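To start, the structure under review is shown below, and the notes come after it.
The values are calculated or read from the model by the stated rules, or taken from the named source; none is laboratory data. Predicted, not measured: the structure shown is a model, and the values here were computed from it. Neighbour counts are summed over all protein chains in view; Cβ atoms, including those assigned to glycine, are modelled from backbone coordinates with ideal geometry. Surface areas here come from the heavy atoms of the whole protein model, side chains and all, with no ligands, DNA or RNA. Shrake-Rupley method; radii C 1.70, N 1.55, O 1.52, S 1.80 Å.
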Amino acid sequence: MKLQIALDTLSLEECIILLEQTKGNVDIAEVGTPFIIEEGMRPVRELKKRFPEIEILADTKIMDAGELEASSAFKAGADIVTVLGVSNDETILGAIKAAKQHGGKIMIDMIAVKNLVERAKEIDAMGVDYICVHTAFDVQKSGKDPLDELKMINKVICNAKSAVAGGVKLSTIDEIVEEGAEIIVVGGAICNAENKSETAKEMKKHLQ
Ligand SMILES: O=C(CO)[C@H](O)[C@H](O)COP(=O)(O)O
């Protein structure tokens with residue numbers, strides 16, 4: 001079970017300090033979508049250079065031009081690139097092709113997918129590495145969390161590994177661990193905490 005820190009709102013300098021302080025506890029550093037919108041692939045390049053031992057995930061949330069866009073992120077140093085589950089199959093297959101060319105991995109983000117079980121089965125058969133259930137930031141306020149969706153995909157995927165994101169915090173991590181997921185993504189609960197590095201270390205302790 002891996003801990004992925006979603007770096008959405010911190011500066012590059014703050015991210016570097018956090019990753020230095022949490023060495024050994026963070027498995028995957030996610031360059032979040034807002035960060036990519038602000039800075040492009042620069043943080044992907046910089047973090048890969050400074051932390052070669054940590055996997056870097058570029059949360060590109062690709063929706064079209066799968067091969068082209070995934071290739072850009074892999075060339076910048078990403079180990080894992082995200083593609084939206086609502087995309088056309090051609091987009092996902094293009095991203096898988098790019099991953100094979102660059103020795104990288106594809107995570108499919110199931111955010112806003114309505115027919116979750118059916119789509120998870122289809123995507124699982126395509127040969128992606130991870131399928132991630134994700135409660136959108138914009139709907140977390142309604143109290144929704146991703147555990148029920150994790151249970152649904154865990155029942156049907158056979159090839160990909162599951163991942164989970166969306167408002168995960170210390171009070172909800174144990175039930176996710178109990179259900180099982182290869183990757184647990186935590187953003188705000190660490191990055192908005194008063195003591196970010198201690199919170200990350202505490203989170204990691206809960207993972208098996
Ligand atoms: O991809 C994202 C938003 O679209 C976030 O990175 C992901 O949801 C994790 O952050 P948080 O734990 O704050 O929800």
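Hey, does the range 12-19 have a residue that's of a type outside the set (K, R), away from the ligand (no atom under 15 Å from the Cβ) and more than 19 Å from E198 (Cβ to Cβ)? It would help to see each step written out before you state the result.
As a first pass, look at the range 12-19 and keep what is of a type outside the set (K, R): 12-19.
Of the ones still in play, those that are also away from the ligand (no atom under 15 Å from the Cβ) are 12-14, 16-17, 19.
Filter once more, so that each one left must be more than 19 Å from E198 (Cβ to Cβ): 12-13.
Looking for residues that are of a type outside the set (K, R), away from the ligand (no atom under 15 Å from the Cβ) and more than 19 Å from E198 (Cβ to Cβ), one finds at least one in the range 12-19, hence yes.
Pairs linking a residue in the range 99-127 that is closer than 21 Å to Q140 by Cα to a residue that is more than 16 Å from the ligand (Cβ to nearest atom) and not hydrophobic (A, V, I, L, M, F, W, C), with Cβ atoms under 6 Å and 6 or more positions apart or on different chains, are V113/R119. May I ask you to list the residues in the range 156-194 that are in contact (Cβ under 8 Å) with a residue 60 or more places away in the chain and acidic (D, E)? E182 - this is the single residue of the range 156-194 that is in contact (Cβ under 8 Å) with a residue 60 or more places away in the chain and acidic (D, E). Residues that are open to solvent by 80 Å² or more (accessible area, probe 1.4 Å), touching a residue at least 24 places away in the same chain (Cβ under 8 Å) and within 13 Å of the ligand (Cβ to nearest atom) are absent from the range 138-155.
Residue count for the range 55-82, restricted to those that are assigned to a strand (DSSP E or B), under 12 Å from the mean Cα position of the chain (by Cα) and not polar (S, T, N, Q): 8. Scanning the range 156-170 for residues that are within 13 Å of the ligand (Cβ to nearest atom) and out of contact with any strand residue (DSSP E or B) (no Cβ under 7 Å at 6 or more places or on another chain), which turns out farthest from E202 (Cα to Cα)? Checked the range 156-170; the qualifying residue farthest from E202 (Cα to Cα) is G167. Based on this model, can you work out whether A99 counts as away from the ligand (no atom under 16 Å from the Cβ), open to solvent by less than 20 Å² (accessible area, probe 1.4 Å) and not in a strand (DSSP E or B)? Considered against the rule, which asks whether it is away from the ligand (no atom under 16 Å from the Cβ), open to solvent by less than 20 Å² (accessible area, probe 1.4 Å) and not in a strand (DSSP E or B), A99 comes out as yes. Candidates are the residues of the range 102-137 that are over 21 Å from I56 (Cα atoms) and of a type in the set (D, E, K, R); the one that is most open to solvent (accessible area, probe 1.4 Å) is K114.
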